[in-house]
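Reviewing the structure listed below.
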Amino acid sequence: MSTPVVLPDLPAFKVVGYLPTWANNSAGLQFSKLNFVNYAFAIEHADGSVSLTQPTKPLVDLVARGHAAGVRVLLSVGGWNDGHDEAFNALAADPTARAAFATAIDGYMDQYQLDGVDIDWEFPEENVAASFLAMIREVSGRLKPKGRLVTIAGAAFRGGAAGVTSDALPYIDLVNIMAYDGDNGSGHSPYAFAQASLQLWLDKGVPASKAILGIPFYSRPSNTAYSALVGQNAQAADLDQLNDQFYNGIPTVRAKTALALSSAGGIMAWDLSEDAAVTPNSPDVSLVSAIYAAGHPTGTAP
């Protein structure tokens, strides 16, 4: 059995970024401005088994780069999957499958020197609350004695969050609140939606220190990457709308980071591969840079 790499203590304000498997490269990430990278996604199955859908070398490289920079790397299991959460429903309800699920995750932790798991069940509704509790308790029981973390991706709407009850919260280290996709237009992820999404989880009893406010790095309705929008128009970085596309530009990202500083435990980004690159002799319009600057105004390390 391997043990986790010893990393720096976590700060009060945390920056979490998801890196999708299809991005396939972590070389360009600004690790010095991050505390967590969640590698998304491994796929759950009804029998409790878990599979990686991409070659493993990008994960090995990500862990090596992350740990060298003092960044924790978690394996995110699940995802949107076109709204199909039948596998989570089945495995969470079956004691044998729950045990297999926790064992499979634990195996990946040891194999790749990962620092924890992020459960991205979209979405555990009220009727599966007992199953969700049993599943998260099982996973936590396997991982936490080894110093690993258990986090979840939390819905921004009440029904999709109803399956996570107050009884489950002690087993969860962070809730990454998906405060985006409010609609396909101007309601995609405005500041007011961030406020409401954060308040939903605070009202459920999540301590502010565990509530991580999510920010999109893409637009609606076309799901265009922020980097592409900035590439189309240099002014896009200072806007929230370009033509018919709605997104979060730097001023809104700074405002949301200030909200997280005052009322939450940090900021989460979906996803890092869609950020604008930082290049020499060019203005820095990276959203990760904007989060870091707003979250560490005194210039202190994350």
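Could you please let me know if Ser209 is farther than 30 Å from Ser166 by Cα, of a type in the set (Gly, Ala, Ser) and in contact (Cβ under 8 Å) with a residue 60 or more places away in the chain?
Spelling it out, it is not the case that Ser209 is farther than 30 Å from Ser166 by Cα, of a type in the set (Gly, Ala, Ser) and in contact (Cβ under 8 Å) with a residue 60 or more places away in the chain.
If the requirement is being out of contact with any helix residue (DSSP H, G or I) (no Cβ under 8 Å at 6 or more places or on another chain), among the polar types (S, T, N, Q) and under 19 Å from Ala155 (Cα atoms), which of these qualifies: Gln199, Gln232?
Gln199
Would it be correct to say that Ser219 is under 16 Å from the mean Cα position of the chain (by Cα), among the polar types (S, T, N, Q), surrounded by 14 or more Cβ atoms within 10 Å (Cβ to Cβ) and modelled with pLDDT of 95 or more?
no
Inside the stretch 223-250, can you point out the residues that are within 20 Å of Gly17 (Cβ to Cβ) and out of contact with any Lys or Arg (no Cβ under 9 Å at 6 or more places or on another chain)?
Across the stretch 223-250, the qualifying residues are Asn223, Thr224, Ala225, Tyr226, Ser227, Ala228, Leu229, Val230, Ala237, Gly249, Ile250.
Any idea which of (1) under 20 Å from the mean Cα position of the chain (by Cα); (2) buried (at least 20 other Cβ atoms within 10 Å of the Cβ); (3) assigned to a helix (DSSP H, G or I) is the one Ser289 doesn't satisfy?
(2)
Considering every residue within the stretch 230-240, establish whether at least one is of a type outside the set (D, E, K, R) and at pLDDT below 95. Steps first, please.
Looking only at the stretch 230-240, we keep the residues that are of a type outside the set (D, E, K, R), and these are 230-237, 239.
Then drop every residue that is not at pLDDT below 95, which leaves 234.
For the stretch 230-240, residues of a type outside the set (D, E, K, R) and at pLDDT below 95: present.
Taking Ser76 as the residue in question, decide whether it is over 19 Å from the mean Cα position of the chain (by Cα) and either in a strand (DSSP E or B) or farther than 19 Å from Asn38 by Cβ (or both).
On the way: over 19 Å from the mean Cα position of the chain (by Cα): no; either in a strand (DSSP E or B) or farther than 19 Å from Asn38 by Cβ (or both): yes.
No, not satisfied.
Would you please name the residue that is nearest to Gly265 (Cα to Cα), looking only at residues in the stretch 152-179 that are touching a strand residue (DSSP E or B) at 6+ places or on another chain (Cβ under 7 Å) and assigned to a helix (DSSP H, G or I)?
Tyr171
Exactly one condition in (1) assigned to a helix (DSSP H, G or I); (2) touching a helix residue (DSSP H, G or I) at 6+ places or on another chain (Cβ under 7 Å) is not met by Ala276; state its number.
Going through (1) assigned to a helix (DSSP H, G or I); (2) touching a helix residue (DSSP H, G or I) at 6+ places or on another chain (Cβ under 7 Å) one by one, Ala276 breaks only (1).
Out of the stretch 37-71, which residues are touching an Asp or Glu at 6+ places or on another chain (Cβ under 8 Å), hydrophobic (A, V, I, L, M, F, W, C) and either within 22 Å of Gly266 (Cβ to Cβ) or assigned to a helix (DSSP H, G or I) (or both)?
Taking the stretch 37-71 as the starting set, the residues that turn out to be touching an Asp or Glu at 6+ places or on another chain (Cβ under 8 Å) are 38, 40-41, 46, 48, 50.
Narrowing the set further to residues that are hydrophobic (A, V, I, L, M, F, W, C) leaves 40-41, 46, 50.
Residues satisfying the conditions are Ala40, Phe41.
Restricting to the stretch 145-161, count the residues that are more than 19 Å from the chain's Cα centre (by Cα) and either crowded, with 19+ Cβ neighbours inside 10 Å or in contact (Cβ under 8 Å) with a residue 24 or more places away in the chain (or both).
3
Identify all residues within the stretch 240-273 that are buried (at least 18 other Cβ atoms within 10 Å of the Cβ) and in a loop (DSSP other than H, G, I, E, B); write none if there are none.
Within the stretch 240-273, Asp240, Tyr247, Asn248, Gly249, Ala264, Gly265, Asp271 qualify.
Quick check, is Glu138 modelled with pLDDT of 95 or more, surrounded by fewer than 20 Cβ atoms within 10 Å (Cβ to Cβ) and over 17 Å from the mean Cα position of the chain (by Cα)? Spell out how you get there, then give the answer.
On the way: modelled with pLDDT of 95 or more: yes; surrounded by fewer than 20 Cβ atoms within 10 Å (Cβ to Cβ): no; over 17 Å from the mean Cα position of the chain (by Cα): yes.
Against the criterion (modelled with pLDDT of 95 or more, surrounded by fewer than 20 Cβ atoms within 10 Å (Cβ to Cβ) and over 17 Å from the mean Cα position of the chain (by Cα)), Glu138 does not qualify.
I need the full set of residues from the stretch 130-151 which are over 19 Å from Gln111 (Cβ atoms), touching a Phe, Trp or Tyr at 6+ places or on another chain (Cβ under 9 Å) and part of a helix (DSSP H, G or I), in order please.
Ser131, Phe132, Leu133, Met135, Ile136, Arg137, Glu138, Ser140, Gly141
Of all residues in the stretch 180-195, which are in contact (Cβ under 8 Å) with a residue 40 or more places away in the chain and either under 30 Å from Val139 (Cα atoms) or assigned to a helix (DSSP H, G or I) (or both)?
Tyr180, Tyr191, Ala194, Gln195
Looking for something over 27 Å from Ala179 (Cα atoms) and of a type in the set (S, T, N, Q) - is there at least one such residue anywhere in the stretch 113-131?
The answer is yes, given that some residue of the stretch 113-131 is over 27 Å from Ala179 (Cα atoms) and of a type in the set (S, T, N, Q).
Between residues in the stretch 83-112 that are crowded, with 19+ Cβ neighbours inside 10 Å and residues that are part of a helix (DSSP H, G or I) and among the aromatic types (Phe, Trp, Tyr), which pairs lie under 9 Å by C-beta distance while being six or more apart or on different chains?
Phe88/Phe132; Leu91/Phe101; Ala92/Phe101; Ala92/Phe132
The values are calculated or read from the model by the stated rules, or taken from the named source; none is laboratory data. For clarity, every value in this text was computed on a predicted model and none was experimentally measured. For neighbour counting, all protein chains shown are included, and Cβ atoms are generated from backbone atoms with ideal geometry for every residue, glycine included.
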